[in-house]
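Colleague: Before anything else, here's the structure in question.
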Amino acid sequence: MSDEAVKLDKLRDTILSRPDVILNDHAIMRALIADDDRARGDNIVDLRGIAMERLENRLGQLEDTHRSVIAAAYDNLAGTNQVHRAVLALLEPEDFEGFLDCLDGEVAAILRIDHIRLVLESATRSGGDTPEPPSDRVLSFVEPGFVERHLSAGRGTAPRRQITLRQPPEDDETLYSGTADPIGSEALMRLDFGPRHLPGLLAFGSADPQQFHPGQATDLLAFFASVFERQMRRWLS
(Lines give C-alpha, C1' and ligand atoms only; values in the text may rest on other atoms or scores of the structure.)
Protein backbone atom coordinates (compact mmCIF):
# COMPACT_ATOMS: atom_id res chain seq x y z
CA MET A 1 0.00 0.00 0.00
CA SER A 2 1.37 3.41 -0.98
CA ASP A 3 1.96 6.24 1.48
CA GLU A 4 -0.90 8.18 -0.05
CA ALA A 5 -3.29 5.27 0.51
CA VAL A 6 -2.14 4.94 4.11
CA LYS A 7 -2.76 8.63 4.70
CA LEU A 8 -6.24 8.39 3.17
CA ASP A 9 -7.07 5.38 5.36
CA LYS A 10 -5.94 7.26 8.46
CA LEU A 11 -7.98 10.28 7.43
CA ARG A 12 -11.02 8.06 6.81
CA ASP A 13 -10.65 6.42 10.23
CA THR A 14 -10.35 9.84 11.88
CA ILE A 15 -13.49 11.14 10.15
CA LEU A 16 -15.47 8.02 11.06
CA SER A 17 -14.39 8.25 14.69
CA ARG A 18 -14.89 12.02 14.96
CA PRO A 19 -17.55 13.15 12.43
CA ASP A 20 -18.21 16.28 14.51
CA VAL A 21 -14.85 17.65 13.35
CA ILE A 22 -16.26 17.83 9.82
CA LEU A 23 -19.77 18.92 10.76
CA ASN A 24 -18.55 21.82 12.90
CA ASP A 25 -16.15 23.16 10.28
CA HIS A 26 -18.05 25.59 8.04
CA ALA A 27 -15.34 25.75 5.39
CA ILE A 28 -15.17 21.95 4.98
CA MET A 29 -18.97 21.66 4.85
CA ARG A 30 -19.21 24.35 2.18
CA ALA A 31 -16.54 22.57 0.12
CA LEU A 32 -18.37 19.22 0.40
CA ILE A 33 -21.71 20.77 -0.61
CA ALA A 34 -20.11 22.57 -3.56
CA ASP A 35 -18.48 19.33 -4.74
CA ASP A 36 -21.79 17.50 -4.38
CA ASP A 37 -23.49 20.18 -6.51
CA ARG A 38 -20.89 19.76 -9.24
CA ALA A 39 -21.42 16.00 -9.20
CA ARG A 40 -25.19 16.43 -9.62
CA GLY A 41 -24.87 18.69 -12.67
CA ASP A 42 -26.42 22.04 -13.55
CA ASN A 43 -29.93 20.68 -14.11
CA ILE A 44 -30.39 19.49 -10.51
CA VAL A 45 -31.63 21.88 -7.83
CA ASP A 46 -30.28 20.83 -4.43
CA LEU A 47 -32.90 22.07 -1.95
CA ARG A 48 -30.84 20.69 0.91
CA GLY A 49 -27.89 22.87 -0.06
CA ILE A 50 -30.13 25.94 -0.36
CA ALA A 51 -31.63 25.25 3.05
CA MET A 52 -28.20 24.81 4.62
CA GLU A 53 -26.99 28.05 3.05
CA ARG A 54 -29.97 29.91 4.48
CA LEU A 55 -29.43 28.34 7.90
CA GLU A 56 -25.77 29.31 7.75
CA ASN A 57 -26.71 32.93 6.94
CA ARG A 58 -29.15 32.99 9.83
CA LEU A 59 -26.52 31.53 12.13
CA GLY A 60 -24.12 34.29 11.09
CA GLN A 61 -26.77 36.91 11.82
CA LEU A 62 -27.46 35.38 15.22
CA GLU A 63 -23.76 35.38 16.04
CA ASP A 64 -23.49 39.06 15.06
CA THR A 65 -26.53 39.89 17.20
CA HIS A 66 -25.08 37.92 20.09
CA ARG A 67 -21.81 39.85 19.90
CA SER A 68 -23.69 43.16 19.71
CA VAL A 69 -25.81 42.32 22.77
CA ILE A 70 -22.74 41.32 24.77
CA ALA A 71 -20.90 44.50 23.73
CA ALA A 72 -23.90 46.66 24.67
CA ALA A 73 -24.24 44.91 28.03
CA TYR A 74 -20.55 45.41 28.74
CA ASP A 75 -20.73 49.11 27.81
CA ASN A 76 -23.79 49.56 30.02
CA LEU A 77 -22.07 47.86 32.94
CA ALA A 78 -18.95 49.97 32.47
CA GLY A 79 -21.06 53.13 32.32
CA THR A 80 -22.96 52.15 35.45
CA ASN A 81 -19.71 51.58 37.34
CA GLN A 82 -18.40 54.96 36.20
CA VAL A 83 -21.50 56.81 37.38
CA HIS A 84 -21.51 54.97 40.72
CA ARG A 85 -17.87 55.91 41.31
CA ALA A 86 -18.62 59.53 40.41
CA VAL A 87 -21.59 59.62 42.80
CA LEU A 88 -19.48 58.21 45.65
CA ALA A 89 -16.87 60.89 44.94
CA LEU A 90 -19.55 63.61 45.18
CA LEU A 91 -20.57 62.39 48.62
CA GLU A 92 -17.09 62.91 50.10
CA PRO A 93 -16.56 66.73 50.22
CA GLU A 94 -17.47 68.48 53.47
CA ASP A 95 -17.69 72.04 52.12
CA PHE A 96 -18.88 73.72 48.94
CA GLU A 97 -15.42 74.56 47.64
CA GLY A 98 -14.37 70.94 48.02
CA PHE A 99 -17.56 69.94 46.25
CA LEU A 100 -16.67 72.10 43.23
CA ASP A 101 -13.07 70.86 43.28
CA CYS A 102 -14.32 67.27 43.23
CA LEU A 103 -16.72 68.06 40.38
CA ASP A 104 -14.03 69.69 38.27
CA GLY A 105 -11.35 67.13 39.14
CA GLU A 106 -12.22 63.61 40.24
CA VAL A 107 -15.72 63.46 38.80
CA ALA A 108 -14.59 64.84 35.42
CA ALA A 109 -11.77 62.28 35.32
CA ILE A 110 -14.01 59.34 36.26
CA LEU A 111 -16.65 60.23 33.66
CA ARG A 112 -14.03 61.28 31.08
CA ILE A 113 -15.60 64.69 30.58
CA ASP A 114 -13.53 67.49 29.08
CA HIS A 115 -15.47 70.39 30.64
CA ILE A 116 -18.05 70.59 33.44
CA ARG A 117 -20.12 73.69 34.12
CA LEU A 118 -22.58 74.32 36.95
CA VAL A 119 -24.97 77.19 36.25
CA LEU A 120 -27.23 78.64 38.95
CA GLU A 121 -29.97 81.16 38.31
CA SER A 122 -29.93 84.08 40.74
CA ALA A 123 -32.24 87.07 40.97
CA THR A 124 -29.31 89.32 41.92
CA ARG A 125 -26.35 87.31 40.54
CA SER A 126 -24.63 88.08 43.82
CA GLY A 127 -25.46 84.88 45.60
CA GLY A 128 -28.57 85.76 47.61
CA ASP A 129 -29.78 82.38 48.80
CA THR A 130 -26.91 80.63 46.97
CA PRO A 131 -23.31 80.14 48.11
CA GLU A 132 -20.62 82.45 46.74
CA PRO A 133 -18.39 80.73 44.18
CA PRO A 134 -14.76 80.34 45.21
CA SER A 135 -13.78 80.50 41.53
CA ASP A 136 -15.42 80.79 38.12
CA ARG A 137 -13.85 77.70 36.53
CA VAL A 138 -16.92 75.55 37.22
CA LEU A 139 -19.66 77.69 38.74
CA SER A 140 -21.39 80.71 37.26
CA PHE A 141 -24.51 82.70 38.16
CA VAL A 142 -26.99 83.78 35.50
CA GLU A 143 -30.22 85.73 35.34
CA PRO A 144 -33.56 83.96 35.88
CA GLY A 145 -34.85 82.25 32.77
CA PHE A 146 -31.41 81.44 31.36
CA VAL A 147 -31.75 77.66 31.85
CA GLU A 148 -34.98 77.49 29.85
CA ARG A 149 -33.59 79.66 27.04
CA HIS A 150 -30.37 77.69 26.83
CA LEU A 151 -32.14 74.33 26.70
CA SER A 152 -34.49 75.56 23.99
CA ALA A 153 -31.52 76.88 21.93
CA GLY A 154 -33.66 79.46 20.22
CA ARG A 155 -36.46 77.03 19.36
CA GLY A 156 -39.07 78.48 21.66
CA THR A 157 -40.09 76.43 24.69
CA ALA A 158 -37.66 73.70 25.72
CA PRO A 159 -39.06 70.16 26.17
CA ARG A 160 -39.69 69.41 29.84
CA ARG A 161 -37.16 66.63 30.09
CA GLN A 162 -34.40 66.42 32.64
CA ILE A 163 -31.58 65.38 30.28
CA THR A 164 -30.76 66.90 26.90
CA LEU A 165 -28.05 65.43 24.68
CA ARG A 166 -26.97 67.45 21.67
CA GLN A 167 -24.27 69.25 19.73
CA PRO A 168 -24.08 72.80 21.11
CA PRO A 169 -25.39 75.63 18.93
CA GLU A 170 -22.65 77.16 16.77
CA ASP A 171 -23.05 80.65 18.23
CA ASP A 172 -23.26 79.48 21.84
CA GLU A 173 -20.16 80.21 23.91
CA THR A 174 -21.95 81.06 27.14
CA LEU A 175 -21.14 77.90 29.08
CA TYR A 176 -17.73 77.07 27.71
CA SER A 177 -16.18 80.48 27.10
CA GLY A 178 -12.47 80.43 27.78
CA THR A 179 -11.97 76.78 26.84
CA ALA A 180 -9.17 76.07 24.38
CA ASP A 181 -10.85 73.20 22.54
CA PRO A 182 -14.22 73.45 20.76
CA ILE A 183 -17.14 71.53 22.26
CA GLY A 184 -18.35 68.77 19.96
CA SER A 185 -21.24 67.48 22.08
CA GLU A 186 -22.83 68.13 25.44
CA ALA A 187 -25.11 66.61 28.06
CA LEU A 188 -27.32 69.17 29.80
CA MET A 189 -29.00 68.26 33.09
CA ARG A 190 -31.85 70.43 34.33
CA LEU A 191 -31.56 70.84 38.11
CA ASP A 192 -34.49 71.36 40.48
CA PHE A 193 -33.49 72.60 43.94
CA GLY A 194 -36.98 72.82 45.38
CA PRO A 195 -39.76 75.43 45.50
CA ARG A 196 -37.69 78.05 47.36
CA HIS A 197 -34.86 78.14 44.85
CA LEU A 198 -34.41 79.01 41.20
CA PRO A 199 -33.40 76.18 38.85
CA GLY A 200 -29.89 75.30 37.73
CA LEU A 201 -28.10 73.51 34.95
CA LEU A 202 -25.23 71.02 34.98
CA ALA A 203 -23.42 70.74 31.66
CA PHE A 204 -20.97 68.08 30.51
CA GLY A 205 -19.03 69.25 27.46
CA SER A 206 -16.93 66.95 25.30
CA ALA A 207 -14.61 67.63 22.38
CA ASP A 208 -15.89 64.36 20.84
CA PRO A 209 -19.02 65.03 18.69
CA GLN A 210 -20.17 61.44 19.28
CA GLN A 211 -19.81 61.23 23.05
CA PHE A 212 -23.33 62.63 23.58
CA HIS A 213 -26.10 62.34 21.01
CA PRO A 214 -29.92 62.22 21.19
CA GLY A 215 -30.11 58.48 20.48
CA GLN A 216 -28.36 57.52 23.72
CA ALA A 217 -30.10 56.30 26.86
CA THR A 218 -30.19 58.90 29.64
CA ASP A 219 -31.12 56.85 32.71
CA LEU A 220 -27.59 56.93 34.19
CA LEU A 221 -27.28 60.69 33.68
CA ALA A 222 -30.73 61.15 35.23
CA PHE A 223 -29.59 59.19 38.28
CA PHE A 224 -26.41 61.27 38.54
CA ALA A 225 -28.41 64.50 38.22
CA SER A 226 -30.83 63.39 40.96
CA VAL A 227 -27.95 62.71 43.36
CA PHE A 228 -26.32 66.00 42.36
CA GLU A 229 -29.54 67.91 43.14
CA ARG A 230 -29.71 66.41 46.62
CA GLN A 231 -26.10 67.28 47.33
CA MET A 232 -26.59 70.85 46.12
CA ARG A 233 -29.55 71.31 48.45
CA ARG A 234 -27.11 70.85 51.34
CA TRP A 235 -25.23 73.95 50.26
CA LEU A 236 -28.33 75.94 49.32
CA SER A 237 -30.17 75.37 52.62
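Colleague: Please enumerate the residues belonging to the stretch 176-198 that are open to solvent by less than 50 Å² (accessible area, probe 1.4 Å), under 18 Å from Ala153 (Cβ atoms) and not in a strand (DSSP E or B).
Modeller: Tyr176, Ile183, Gly184
Colleague: A further question on this structure: Conditions: (1) open to solvent by 20 Å² or more (accessible area, probe 1.4 Å); (2) within 12 Å of Thr164 (Cα to Cα). Pro209 meets all but one. Number of the miss?
Modeller: Exception for Pro209: condition (2).
Colleague: Identify, from the list Asp95, Asp9, Asp13, the residue that is of a type outside the set (Val, Ile, Thr), under 30 Å from Val227 (Cα atoms), at pLDDT 75 or above and open to solvent by less than 100 Å² (accessible area, probe 1.4 Å).
Modeller: Asp95
Colleague: Let me ask something else. Within the stretch 72-106, which residues are under 17 Å from the mean Cα position of the chain (by Cα) and aliphatic (A, V, I, L, M)? Spell out the reasoning first.
Modeller: Of all residues in the stretch 72-106, those under 17 Å from the mean Cα position of the chain (by Cα) come to 72-86.
Matches in the stretch 72-106: Ala72, Ala73, Leu77, Ala78, Val83, Ala86.
The values are calculated or read from the model by the stated rules, or taken from the named source; none is laboratory data. These numbers come from a predicted model, not from an experiment. Here the Cβ is made from the backbone with ideal geometry for all residues, glycine too, and neighbour counts use every protein chain on show. For the accessible areas, the whole protein counts, side chains as well, though only heavy atoms, and no ligand, DNA or RNA atoms are used. Shrake-Rupley method; radii C 1.70, N 1.55, O 1.52, S 1.80 Å.
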